[in-house]
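Down below is the structure, laid out as structure tokens.
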Amino acid sequence: MSNSFFQFKQFIIHQDQCAMKVTTDACLFGAWVANGIQKKSIVKTVLDIGTGTGLLSLMIAQKNRELKIDSVEIDAKAAEQAKDNAANCPWNEIIKVFNNDVKKFKPGTSYDLIISNPPFYENELQSENKQKNIAYHSKYLTLDDLLNVIKQNIIANGDFYLLLPFKRNEEIATLLHKYGFSISHKVNVRQTINHGFFRIMIKAGLQSASLIEEEISIKDNNQQYTKQFTRLLEDYYLYL
């Protein structure tokens, strides 16, 4: 059974009401995004699509206290828990959580930046647990739906970040081209230096850009966190 909470250095994520628990790859993604935002001072407003526990919103808020973050979650229990997690963090005033289907969400504004760790699976076997299906399967939010929402809600020179399974690499490239988006940065992620890639982290936008492509391994041959991983997560993980 997963822990009911995950303790970070500056905040706690409670997750007993959420199907999508805190994962190492999501933490890596959150740290990578937070680091990227710090380097682009024009970012003021952020939309977090499918916030789940609120993990990504809290991670980027920790390092970017001037932001205004709208976090949208379709599942009512998860949204309530995300609200509680945000309310109990030191920077609760900058995060607002909405229990809504993002396809119907009408914020009345466009965002400088959009982030999402969307449902990973499409047209694959589902469980009998509806909450898990919403979190893990894209019946309620396909990649095509997601990019359409992003295009409707992002400013012309804005960026967005996605975390996806590596096996959807070609699919997302095709869809990005369909919506006129260009990838500016892509990181291929391995569990260890001896494994194949299992995740991709993407930064993209409507502006044409030269692609920076990198890779990162979470652990080394000795099952210790790599230096790359440690540099990104040392401000978050308790024992780094």
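Just a few scattered comments:
- Once segment 208-240 is narrowed to residues that are in contact with a Phe, Trp or Tyr (Cβ under 9 Å, 6 or more places away or on another chain) and polar (S, T, N, Q), the residue that is surrounded by the most Cβ atoms within 10 Å (Cβ to Cβ) is 217.
- Checking each residue in segment 93-112 for being charged (D, E, K, R), more than 16 Å from residue 57 (Cα to Cα) and out of contact with any helix residue (DSSP H, G or I) (no Cβ under 9 Å at 6 or more places or on another chain) picks out 101, 104, 106.
- Subset of segment 67-83 (residues that are among the small types (Gly, Ala, Ser) and in a strand (DSSP E or B)): 71
- Restricted to segment 84-110, and to residues there that are assigned to a loop (DSSP other than H, G, I, E, B) and either free of Cβ contacts under 8 Å to residues at least 24 places away in the same chain or of a type in the set (Asp, Glu) (or both), the residue that is farthest from residue 49 (Cα to Cα) is 108.
- Being under 20 Å from residue 57 (Cα atoms) and at pLDDT 95 or above is a property that does not hold for residue 197.
- Residue 142 being within 27 Å of residue 108 (Cα to Cα), of a type in the set (Val, Ile, Thr), without any contact (Cβ under 8 Å) to a residue 24 or more places away in the chain and surrounded by fewer than 20 Cβ atoms within 10 Å (Cβ to Cβ): yes
- Taking segment 9-66 as the range and being out of contact with any helix residue (DSSP H, G or I) (no Cβ under 8 Å at 6 or more places or on another chain), within 14 Å of residue 111 (Cβ to Cβ) and assigned to a loop (DSSP other than H, G, I, E, B) as the test, the residues that pass are 40, 42, 44.
- Checking each residue in segment 188-240 for being closer than 22 Å to residue 154 by Cα and either of a type in the set (Lys, Arg) or under 16 Å from the mean Cα position of the chain (by Cα) (or both) picks out 200, 201, 202, 203, 204, 205.
- Contact map, segment 156-174: first residue more than 17 Å from residue 209 (Cα to Cα) and surrounded by 19 or more Cβ atoms within 10 Å (Cβ to Cβ), second residue modelled with pLDDT under 95 and hydroxyl-bearing (Ser, Thr, Tyr), Cβ cut-off under 9 Å, separation 6 or more or different chains; the map is empty.
- Residue among 13, 37, 60, 49 that is in contact with a strand residue (DSSP E or B) (Cβ under 9 Å, 6 or more places away or on another chain), over 26 Å from residue 230 (Cβ atoms) and either of a type in the set (Gly, Ala, Ser) or surrounded by 17 or more Cβ atoms within 10 Å (Cβ to Cβ) (or both): 49
The values are calculated or read from the model by the stated rules, or taken from the named source; none is laboratory data. What you see is a predicted model; the values in this text were computed from it and never measured. Quick reminder, even Gly has a Cβ in these numbers, built from the backbone with ideal geometry, and neighbours come from all protein chains shown.
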